[in-house]
Every structure is written in C-alpha cells, then in structure tokens.
Amino acid sequence: MKQDSTRNAAYTVDCEDYVHVIKFNPFDSGDACSLIAYGGNNYVVVGTCRFQEEDAEMEGMQYKTLRTFHHGIRVDAIAWSPETRLDALPPRIRFCTAASDRKLRLFTSDLQDKNEYKTFDGHSDYINDLVFAPKEGQEVASVSDDHTCRVWDLEGNEKAHFVLRSPGMSVCWHPDEAFKLMVAGKNGTIRFYDLITQQAILSLECEQTPLMSADWCLKNTLKIGAVAGNDWLIWDITRSSYPQDKSPVHVDRARLFRWSRVNENLFATTGYPGKTTTQLLVHHLGHPQPILTGTAAVGSALTWHRTLPLCAVGGDHKIVFWVTEI
C-alpha cells in the first residue's frame, strides 16, 4: 500500500481491472478490519481494510483480498447483507449485485468450500441501486430504469412492487426506520413508502433534473441529501418538501451523493466520470466551500467507511482512499 500525495489521496490499492463499483460493509461484521467489496467487468472482489486512523500501532493501511467471486458480466451495484459475519464459524459473507443483464445475484460464501449464488429475475431495464433490509437482511430492494422499485425475499420472490414515474436512481433503507423505504427518481422526486401498507407516505421535490443520486443520513433520519443537475441539495423532512440548502458543485453535472456514516454534517459528491478524471468533493454543512477536493482517474462509485471519516472511490485499476479531518 502506498501513500499517494500527488492527488491528495491518503492511500491507494491496485486492482487487476477497472473498478466499476465499490462498497464498504456498513454493518458490524464482528472483526476489527473493515470489509470492502468492489466489482469489475466480470468479478467481485471481497477484501479487508485496516487503517492507521483506527489502529495506532499500524502505519498506513493494510489491505487483504479474502476472495474473488466470478461474476461473468459487468457489476453495476453492490449491497452488503447485515448477516455477513467474520467472527462466525465458519465465517459468512453475503452480498447482492446488480448487473448489466438486468438481474440481481445473491452471493453467499463461507470463504472455503461453500460459494453459491442465486439469480433474481424481474426487472426489464438497467438496475441502478439496491439495498438489504438493515435489521435482519431477509429482503433486498432494487430500483431500475424500468420505473419500478421491487422488494425481494432471499429466494428471489417479489414481495412488493412500486410503480415510479421515472427511472429509479437510488433506494435507501434506514436501520432506525425499518418499515420505510426511500426511493429517488430521475425526475427529481424522492418518495418514502410504507412497507406495511405498500403506500407512498411522503414525497420531496428537487425542482430540478436529472436527479442522479440520493442518500438518507444514517446519523439523522430527518436529513436527506441528493445531487441533481450541477447541485447538491439537502432536506429536513420535518420542515418542507423542498430543499433547505443547496449549492452548485460540479460544472459537468453531479453524479453521486453519499452521507458520511459518522457525522450528520459531512457528505461527499462526485462529478461525472470524464475522459481522464472525475472530481470528488467532501462537504461540511458548516463550511461554505468543500473541505476536500480530490481527483481520480476515470473514477466511479463512492463509499464511506463505517466508523471513520474516510471515503473511497473506484477507478482505473485502483481504489483511491481519502481521509477527512473533521
């Protein structure tokens, strides 16, 4: 692992392929290391990370690949299951992917002999995002360009089906609101669905398009963030259905929005992957300007560490990590 000061990144990990998608495990897996999964053109790699920011006896970071899963097709999205445990005997790794063939794949492994996956069929167009139920992990929700949000059980049976008015770009399931699902549409509308009644119960409006990404703040269930057009937007859902705060950030349109998992005022956005680089900006709601600016070679995907103010971006044959001082 090498320090990479030229682009003000804290660390980089070299990969064998282009990294299309990357995801830290947001759940406690019972181990001191953090699990991370990344997807390339036809595989998913699961590894562990440990950083000097969490272990004073370490220098830099340590990365170790646990297993490479053959996927056979480009990986477009990854979601971790809360059932993943490294402290179980044998260990259990469980995650779900979305791929360019419009299918979901549920992978389960003990990192030894048991490596299996199931395919979920139903979406008729590109799948943009997916998420596990955060408590028990017995359901998966996905959103697609086919104007639907679908909820599946672990056998691939459809448990709920919401018709959207535009392509579904993001879906979020909050551990403190286990019976609600947040779905963000490309037309700039963010809706909350009650999973018991299967009805929409609240909607937020961007008033601009295209909405490309939205996220539900882990540390404050009343805060929603998104990027639409060139801007980031923040809502407090108790105050108004329109954003309370917004700012233009990316000249070439914004692509992703992700809240930090350790601070309700900290979030990151990325611009569109350009021909050579993409811009990563880390923002703090108390500061008028971004507090960190980074670039990654043809970057894609964005994920925050579970317990550190540290985020990672995938790119051309590498993962790039940035540490934020807050």
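The values are calculated or read from the model by the stated rules, or taken from the named source; none is laboratory data. Model, not experiment: these values are computed from the prediction. Ideal geometry is used to build each Cβ from the backbone, glycine not excepted, and the neighbour counts take in all protein chains shown. Heavy atoms of the whole protein, side chains included, go into the accessibility calculation; ligands, DNA and RNA do not. Shrake-Rupley method; radii C 1.70, N 1.55, O 1.52, S 1.80 Å.
For residue 203, are the conditions met, namely being modelled with pLDDT of 95 or more and in a strand (DSSP E or B)? It is true that residue 203 is modelled with pLDDT of 95 or more and in a strand (DSSP E or B).
Taken as a whole, the condition of being touching a His at 6+ places or on another chain (Cβ under 9 Å), without any contact (Cβ under 8 Å) to a residue 60 or more places away in the chain and either open to solvent by less than 10 Å² (accessible area, probe 1.4 Å) or part of a loop (DSSP other than H, G, I, E, B) (or both) applies to residue 166. When segment 217-249 is limited to residues that are assigned to a loop (DSSP other than H, G, I, E, B) and aliphatic (A, V, I, L, M), the one that is farthest from residue 266 (Cα to Cα) turns out to be 237.
Close contacts from segment 201-216, counting a first residue that is farther than 12 Å from residue 183 by Cβ and a second that is at pLDDT 95 or above and β-branched (Val, Ile, Thr), with Cβ to Cβ under 7 Å and a gap of 6+ residues or different chains, come to 205/189; 212/227; 213/227. Residues of segment 280-326 that are at pLDDT 90 or above, within 17 Å of residue 251 (Cα to Cα) and among the β-branched types (Val, Ile, Thr): 282 alone.
Residues in segment 19-55 that are of a type in the set (D, E, K, R), closer than 18 Å to residue 132 by Cα and buried (at least 17 other Cβ atoms within 10 Å of the Cβ): 23 alone. If you check 200, 184, 178 for being among the small types (Gly, Ala, Ser) and open to solvent by 40 Å² or more (accessible area, probe 1.4 Å), only one passes: 200.
Within the option set 64, 118, being of a type outside the set (A, V, I, L, M), assigned to a strand (DSSP E or B) and more than 22 Å from residue 26 (Cα to Cα) holds for one residue only, 118.
Please go through segment 289-301 and give me each residue that is over 14 Å from residue 37 (Cβ atoms) and in contact (Cβ under 8 Å) with a residue 40 or more places away in the chain, ordered by number. Listed by number, the residues that qualify are 290, 292, 293, 294, 295, 296, 298, 300.
Taking segment 103-146 as the range and being under 19 Å from residue 213 (Cβ atoms) and either surrounded by fewer than 18 Cβ atoms within 10 Å (Cβ to Cβ) or among the acidic types (Asp, Glu) (or both) as the test, the residues that pass are 125, 126, 129, 145, 146. The C-beta contact set for segment 113-136 (first residue in contact (Cβ under 8 Å) with a residue 60 or more places away in the chain, second residue aromatic (Phe, Trp, Tyr) and surrounded by fewer than 14 Cβ atoms within 10 Å (Cβ to Cβ), distance under 6 angstrom, 6+ apart or interchain) is empty.
Within segment 243-275, track down each residue that is open to solvent by 20 Å² or more (accessible area, probe 1.4 Å), of a type in the set (Val, Ile, Thr) and in contact (Cβ under 8 Å) with a residue 40 or more places away in the chain. If the condition is that a residue be open to solvent by 20 Å² or more (accessible area, probe 1.4 Å), of a type in the set (Val, Ile, Thr) and in contact (Cβ under 8 Å) with a residue 40 or more places away in the chain, then 249, 262 are the ones that fit.
Just to verify a result, which residue in segment 59-102, among those that are of a type in the set (D, E, K, R) and open to solvent by 60 Å² or more (accessible area, probe 1.4 Å), is farthest from residue 318 (Cα to Cα)? Looking at residues that are of a type in the set (D, E, K, R) and open to solvent by 60 Å² or more (accessible area, probe 1.4 Å), I get 87. Considering (1) within 19 Å of residue 218 (Cα to Cα); (2) open to solvent by 20 Å² or more (accessible area, probe 1.4 Å), the lone condition that residue 290 does not fulfil carries the number (1). Inspect all residues belonging to segment 307-321 and state whether any of them is over 20 Å from residue 76 (Cβ atoms), open to solvent by 50 Å² or more (accessible area, probe 1.4 Å) and either in contact (Cβ under 8 Å) with a residue 24 or more places away in the chain or touching a Pro at 6+ places or on another chain (Cβ under 7 Å) (or both). Yes, segment 307-321 contains a residue that is over 20 Å from residue 76 (Cβ atoms), open to solvent by 50 Å² or more (accessible area, probe 1.4 Å) and either in contact (Cβ under 8 Å) with a residue 24 or more places away in the chain or touching a Pro at 6+ places or on another chain (Cβ under 7 Å) (or both). Scoring residue 235 on the criteria (1) open to solvent by 10 Å² or more (accessible area, probe 1.4 Å); (2) over 18 Å from the mean Cα position of the chain (by Cα) leaves a single failure, condition (1).
Screening 261, 255 for residues that are in a loop (DSSP other than H, G, I, E, B), within 17 Å of the chain's Cα centre (by Cα) and closer than 17 Å to residue 22 by Cβ leaves exactly one candidate, 261.
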